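Each remark here refers to the structure printed beneath this line.
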Amino acid sequence: MIHFLGLDRSFLWMMRGISRLFVRPTVAPADAATRLSGRTRPVLYVLDERSLSDFLAVEQVCMDAGLRRPGKRLATGNLLLPRSYVALERRAGVLRKRPDRRMPPELQSAMAAAAADPELQLDIVPVAVFWGRAPQRERSWLDLVLSESWALVGPFRRSMSALFNGRATLIRFGDPRPVRSWVIEGQDPARAARRLLKDLRAEFRHMRVDSVGPELATRRVMVAQVLHTRAVRQAVRQEMRERNVTRREALRQARKLAMEISADYSHAFVRLMDRLLTWLWTRLYDGVDVRNAEHLDRLPAGCEIAYVPCHRSHMDYLLLSYVIYYRGYAVPYVAAGINLNLPVIGRFLRMGGAFFIRRSFRGSGLYPVVFTKYVDVLMGRGHPIEFFIEGGRSRTGRLLTPKTGMLAMTVRSFLRNPQRAVAYVPVYFGYERLFEGRTYIGELSGKAKESESVFGLMRTLPALRQRFGKVHVSFGEPVLLADAIARVEPDWKQSIGSDDARPPWFAAAIDGVAGTIMRRINAAAAVTPINLLGVALLATPRQAMVEADLIRLLELYVELLKQCPYSPDVALPEIGGAAMIRHGEAMQVLERQPHPLGDVIRMPEEGAVLCTYYRNNVIHLFALPSLVACAFLNNAAMRGEDVHRLVWRAYPYVRQELTLRWTEEEVPGVVDAVLDTLARNGLLERSEDGKVWRRPSTGTVEAVQLSLLAQATIQTIERYYLVIALLLRAGTGELTQDGLERRCTAMAQRMAMLYGLNAPEFFDRTMFRDFIGRLLARGVIEAGAEGRLLFGEALLAVADDARVVLSEQIRNSILQVTHG
């Protein structure tokens, strides 16, 4: 330590104090300190290069976290080193300008000691330090001091970078690994040391790409690379023949399309937006809660990352990039709709990594080829990307049917070069209040969608004064593309050709990957108090409950989700029912009406319609408990096998609508777990022989709670019965699918008006289209001549089971509406 760079202890002590004034490092992964603390095994930190500023930054982090400091002497077994760290690259020569990448003597000593002593306890921990995190090679002194460079820089310039970028410093710790894992018995320790050095250099490359991203090319270079691909050249020749234009004109059109698509990433702009967004989130939200980010840390080293979030709001773009940046990963390139390419706004989005995609590829044979190749170039260079698999924003709060165009492009890019792993990272967004909430309700009620514009953006600025609660960003379990394809086609590598032809299993693989992504988005749901208030109060006729009853119901729902968890990644609120009500009042979602017998908590009529969106965000978590509860709405007691049959009958359709995670084969086990959970909470009673289940006595608190739980899915069952009733009334072979969809939508709107149903998705035509499509896919109905729908005994069996669940009053109400 005395001889470190020729400095003595007192001077290093002074430098540590100066460093603390300017350096505020962020540690990645976030739990790195927790994983390293409390370890009894000695640690040897390995840095990428020998630098005083890097050493001081790591020393500062270790001191703050209570970890072993890299400046401490290392003594373990027969190994004695003057300090607990080693740098792979040093600087040599008289002026210290030449990089010295030879084997560090400390690593040689460590490997020799490990080979000589099988009991040696020592872990190797790689540590990378990034100042500013800009991915490009810098061409000027000013660029250098403002950002991290790929190049090995001198002490003065490194000091200037630390001065300017100290508060944007990222320190990434690798996983500890025993030094003896590189030792092979009977092998020369020098070979083991070379293998260790090779692995460490590879890990540092992966850490740099994960944190900083690959080396950037300018927008023009990226466009030129796209235009020089074989597919684009062939498309240009095709354009020349079809439009009878010159090669120059066709190339100019291709370049125009590429410029329309491409991003223009600027790290300086990202640094500026980092500070601006920090201010914005602080003003808008009570906090940004990030969950399950450890999934990112467990990804294979060097894999291509594609973030695939659900789409709730225009805020999604900014939030995810912000969170990823703060977690220590490279900012992704985001596929954004061309409708956002507005004056000024579009330019800023491009600088933040957005590239634009048209809503439709029709009308141009050149555009889809150019766009596909742009995505191919991005992935080939190793840039992380982000796209919304639903295509557009959900207006109902439920996940939409996936649009697989972008997914197919990324899969085809992987198949052209399957050596590098590709991982899709599902992301769930949970908002307690949306900017676009009222707009969504208007669109579902029949109003035309307003086009995005700068003027429209300006009109939203007054909303910045409102309170939007907390926003949750939750990462789901990643989908490794190679494993997903192997589940469809085990020998997929042998069936890949040299051309771009799609293999026979391609469509099935795309559907499988898309379905898995959607289910894992739902499996990462973050439940908020607003979600639970929506589930509870929207189940009541007038969206009102006595406060004491509401508190019990909210706490019951949390217990059900704890005792019968939907998935390990689901996050639950950590406050009680009374605190949830206070939060709802603060968010102006609830109103309190004082009463001598106990205050009544209600939702305003307009707020109740909007709250259906937040309820629908998490309705899938209650789907199976609610379906089981539905079986007891019209039946005081049921045999277990009848409960299973009713759930089995409805589950395939509910699974598709709510994107549930369980297969049909897994449902019986889940239903048994749900029945046991309901019994533990007093909502069901089991007979002595264990074959019959009974609901609580009418009028008890538990009976009311079971009835309210059933309301979460009862409208779904009613919507299904409406379709079946209209088919049965019309007769087989009388209606086409389009005609049935239109009739169902009209009847559902009539029911909503007559019975005060406040869920806009109840009369959403897409819901009816998906249900009818599922009936066709399962063979319950068939498409006959001229597309007319035919049915037989299978549909009658579904209708009979619906009659068991739905009360006579509900069935009569539906049948009455279908008259005429």
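The values are calculated or read from the model by the stated rules, or taken from the named source; none is laboratory data. Only a predicted model underlies this, so the values are computations on that prediction, with no experimental measurement involved. FYI the Cβ positions are ideal-geometry reconstructions off the backbone, even for glycines, and counts take in every protein chain you see. All accessible areas refer to the heavy atoms of the entire protein, side chains included, with ligands and DNA or RNA removed. Shrake-Rupley method; radii C 1.70, N 1.55, O 1.52, S 1.80 Å.
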Response to the item:
Counting only residues that are in contact with a helix residue (DSSP H, G or I) (Cβ under 7 Å, 6 or more places away or on another chain) and either of a type outside the set (Asp, Glu) or modelled with pLDDT under 95 (or both), the stretch 381-400 contains a total of 9
Fill in: Residue satisfying all of: in the stretch 688-720; over 22 Å from Leu538 (Cβ atoms) and free of Cβ contacts under 8 Å to residues at least 40 places away in the same chain; least open to solvent (accessible area, probe 1.4 Å) among these
Pro696
Fill in: Inter-residue pairs, beta-carbon under 9 Å, first over 13 Å from Gly731 (Cα atoms) and in a helix (DSSP H, G or I) and in the stretch 781-810, second at pLDDT below 85 and open to solvent by 20 Å² or more (accessible area, probe 1.4 Å), 6+ apart
Ala802/Arg811; Arg803/Arg811
Response to the item:
Within the stretch 447-491, residues in contact with a helix residue (DSSP H, G or I) (Cβ under 8 Å, 6 or more places away or on another chain), in a helix (DSSP H, G or I) and modelled with pLDDT under 90 come out as Val454, Leu457, Leu464
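Here's the yes/no breakdown for (1) hydroxyl-bearing (Ser, Thr, Tyr); (2) open to solvent by less than 50 Å² (accessible area, probe 1.4 Å); (3) without any contact (Cβ under 8 Å) to a residue 24 or more places away in the chain:
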site	(1), (2), (3)
Ala507	no, no, yes
Ala514	no, yes, no
Pro529	no, yes, no
Val535	no, yes, no
Leu538	no, yes, no
Glu555	no, no, yes
Gln563	no, no, no
Fill in: Within the stretch 358-399, considering residues that are touching a His at 6+ places or on another chain (Cβ under 7 Å) and of a type in the set (D, E, K, R), the one least open to solvent (accessible area, probe 1.4 Å)
Glu390
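Residue-wise test of (1) within 30 Å of Asp31 (Cα to Cα); (2) assigned to a loop (DSSP other than H, G, I, E, B); (3) out of contact with any Ser or Thr (no Cβ under 7 Å at 6 or more places or on another chain).
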position	(1), (2), (3)
Ala335	no, no, yes
Asn339	no, no, no
Arg350	no, no, yes
Phe371	no, no, yes
Asp376	no, no, no
Phe388	yes, yes, yes
Arg395	no, yes, yes
Arg412	no, no, yes
Item to complete: Look at the stretch 413-433 and say how many of its residues are crowded, with 17+ Cβ neighbours inside 10 Å, farther than 25 Å from Asp770 by Cβ and of a type outside the set (Ser, Thr, Tyr).
Response: 8
Item to complete: Would you check if there is a residue in the stretch 324-338 being over 18 Å from the mean Cα position of the chain (by Cα) and of a type outside the set (S, T, N, Q)?
Response: yes
Practice prompt. With the checklist (1) closer than 20 Å to Leu47 by Cα; (2) modelled with pLDDT of 65 or more; (3) touching a Gly at 6+ places or on another chain (Cβ under 9 Å) in hand, flag the one item Ser149 doesn't pass.
Written response: (2)
Worksheet item: What do you reckon, is Ala87 surrounded by fewer than 21 Cβ atoms within 10 Å (Cβ to Cβ) and under 18 Å from Leu120 (Cβ atoms)?
Response: no
Practice prompt. Filter the stretch 170-189 for residues that are out of contact with any helix residue (DSSP H, G or I) (no Cβ under 7 Å at 6 or more places or on another chain) and more than 30 Å from Trp131 (Cβ to Cβ) and give the result.
Written response: Pro178, Ser181, Glu185, Gly186, Gln187, Asp188
Worksheet entry | Check on Arg312, free of Cβ contacts under 8 Å to residues at least 12 places away in the same chain and part of a loop (DSSP other than H, G, I, E, B) | no
Discussion item. Looking at the structure I just gave you, is Arg35 at pLDDT 80 or above, surrounded by fewer than 17 Cβ atoms within 10 Å (Cβ to Cβ) and assigned to a loop (DSSP other than H, G, I, E, B)?
Written reply: no
Worksheet entry | One residue from Ala263, Ala258, Ala268 being surrounded by 18 or more Cβ atoms within 10 Å (Cβ to Cβ) and in a helix (DSSP H, G or I) | Ala258
Worksheet item: List the pairs whose first member sits in the stretch 660-676 and is closer than 10 Å to Cys564 by Cβ, whose second member is of a type in the set (Asp, Glu), and whose Cβ atoms are under 6 Å apart, counting only residues at least 6 apart or on separate chains?
Response: none
Discussion item. Considering only residues that are farther than 20 Å from Val375 by Cα and of a type in the set (A, V, I, L, M, F, W, C), which ones fall in the stretch 293-309?
Written reply: Ala293, Leu296, Leu299, Ala301
Fill in: Extreme residue, nearest to Asp175 (Cα to Cα), among residues of the stretch 213-240 that are touching a Pro at 6+ places or on another chain (Cβ under 7 Å) and open to solvent by 10 Å² or more (accessible area, probe 1.4 Å)
Pro214
Worksheet item: Somewhere in the stretch 752-770, is a residue among the small types (Gly, Ala, Ser), part of a helix (DSSP H, G or I), at negative phi and under 31 Å from the mean Cα position of the chain (by Cα)?
Response: no
Worksheet item: If Glu249 satisfies every condition in (1) part of a loop (DSSP other than H, G, I, E, B); (2) open to solvent by 10 Å² or more (accessible area, probe 1.4 Å) but one, which is the exception?
Response: (1)
Worksheet item: From the set of residues in the stretch 677-687 that are assigned to a helix (DSSP H, G or I) and open to solvent by less than 60 Å² (accessible area, probe 1.4 Å), which is farthest from Arg639 (Cα to Cα)?
Response: Thr677
Fill in: Residues that are in a helix (DSSP H, G or I) and polar (S, T, N, Q), drawn from the stretch 618-647
Ser626
Fill in: Residue match in the stretch 348-357 (condition: farther than 29 Å from Leu276 by Cβ and open to solvent by 30 Å² or more (accessible area, probe 1.4 Å))
no
Response to the item:
Condition set under 18 Å from Ala525 (Cβ atoms) and assigned to a strand (DSSP E or B), scope the stretch 288-309, selection most open to solvent (accessible area, probe 1.4 Å): answer is Arg291
Discussion item. Within the stretch 10-24, take every residue that is open to solvent by 30 Å² or more (accessible area, probe 1.4 Å) and either within 30 Å of Leu299 (Cβ to Cβ) or of a type in the set (A, V, I, L, M, F, W, C) (or both) and give me the one that is nearest to the chain's Cα centre (by Cα).
Written reply: Arg24
Item to complete: Specify the residue that is farthest from Ile521 (Cα to Cα); the eligible residues are those in the stretch 638-667 that are open to solvent by 30 Å² or more (accessible area, probe 1.4 Å) and within 29 Å of the chain's Cα centre (by Cα).
Response: Glu665
Discussion item. Please determine whether any residue of the stretch 56-64 is modelled with pLDDT under 90 and open to solvent by 70 Å² or more (accessible area, probe 1.4 Å).
Written reply: yes
Response to the item:
Here the residues within the stretch 565-588 that are under 22 Å from Glu606 (Cα atoms) and either surrounded by 19 or more Cβ atoms within 10 Å (Cβ to Cβ) or of a type in the set (D, E, K, R) (or both) are Met580, Ile581, Arg582, His583, Gly584, Glu585, Met587
